[in-house]
Amino acid sequence: MLTRILSTIVLVPLVLLLLLKGEPLHYLLVLIPLSAGLLYEWHGLFKPIAPLRYILSVAAGVLILLQGYGFAFPLVLIPFGWFFLLFLQELASGRAVDHDGLSGMLVHFFGVLYIALPLSMLLMVAQVAQGSDWIIYIFSILWSTDSGAYFVGKAIGKHKFSPRVSPNKTWEGTLGGLFMAALIGTGVAVFLELPMPLWHAVTLSMIASSFGQIGDLAESYIKRVVKIKDSGNLIPGHGGLLDRLDSLLFAAPIIYFYTGVILGQ
């Protein structure tokens, strides 16, 4: 517990500094190594890391992030090129043609989309009007969801949400997280004067919270499949990067859709 608290004391100020003072370029410079770290953990979930596949994954992730930063090249070409290189690497490996080879390619192909695309959308949110405020709003939703789900679930949680995937999650905790996200997220949106009606703030906070909780369950499901507890041990007391950011990967596209499509920014 002490290790977990000390890690939080160190990490939270750094995150807050980025949120309060960060420019789009700062986010890009943080997200590139973050993407590399997340992909490292992703590759490690399924088998010993194949260096070439990991390097190709990181390169594809960087290209997706650069496209999100504004570099003008067709995003659709990146996954096609990435899968083409994966296939060439599989052909050159000399392994027998079987389900393991195909599933390995698909797993690593999906990993880049699962990690780099949401981070690219987060980067695009950072570039809209009041970009840093929108990023603060996203994290306020996710942090309040985690806190609400934990405390409500611990206090009154009785009905299991998905016992075969995450035995500790309850319906009461899930609803507590939604309520806290609606309360805190709406308060933050009003305080920061984000350009949306009050009912949009309430609804968007709950939708982003819901997707964040689904993201947490998605990673729990994957860890159940590969039979591991944590995706890594980079953050003492907290597990790996994927363990901390799984909800962000599902919530960021929701905020991107709202700012980019609904608000047209």
If I ask for residues that are crowded, with 23+ Cβ neighbours inside 10 Å, under 24 Å from Lys160 (Cβ atoms) and under 18 Å from the mean Cα position of the chain (by Cα), which ones from the stretch 179-207 would you list?
Ala181
Here the residues within the stretch 161-213 that are within 28 Å of Arg224 (Cα to Cα) and among the polar types (S, T, N, Q) are Ser162, Ser166, Asn168, Thr170, Thr174, Ser209, Ser210, Gln213
Looking only at the stretch 133-148, count how many residues are closer than 14 Å to Leu245 by Cα and surrounded by fewer than 21 Cβ atoms within 10 Å (Cβ to Cβ).
3
Out of (1) at pLDDT 90 or above; (2) of a type in the set (Phe, Trp, Tyr); (3) crowded, with 18+ Cβ neighbours inside 10 Å, the one Phe161 does not meet is (1)
Condition broken by Phe161, with the remaining ones in (1) without any contact (Cβ under 8 Å) to a residue 12 or more places away in the chain; (2) outside any helix (DSSP H, G or I) satisfied:
(1)
For the stretch 76-107, give me each residue that is modelled with pLDDT of 85 or more and either within 20 Å of the chain's Cα centre (by Cα) or not assigned by TED's automatic domain parsing to the domain that holds Leu31 (or both).
Leu106, Val107
Can you name every residue in the stretch 71-116 that is closer than 29 Å to Ile214 by Cα and in a loop (DSSP other than H, G, I, E, B)?
Leu75, Val76
Residues Asp246, Asp230: which one is charged (D, E, K, R), touching an Asp or Glu at 6+ places or on another chain (Cβ under 9 Å), at pLDDT 85 or above and not in a strand (DSSP E or B)?
Asp246
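The values are calculated or read from the model by the stated rules, or taken from the named source; none is laboratory data. Quick caveat: nothing in here was measured; it's all calculated off a predicted structure. Methodologically, a virtual Cβ is constructed for each residue, glycine included, from the backbone with ideal geometry; neighbour enumeration extends over all protein chains shown.
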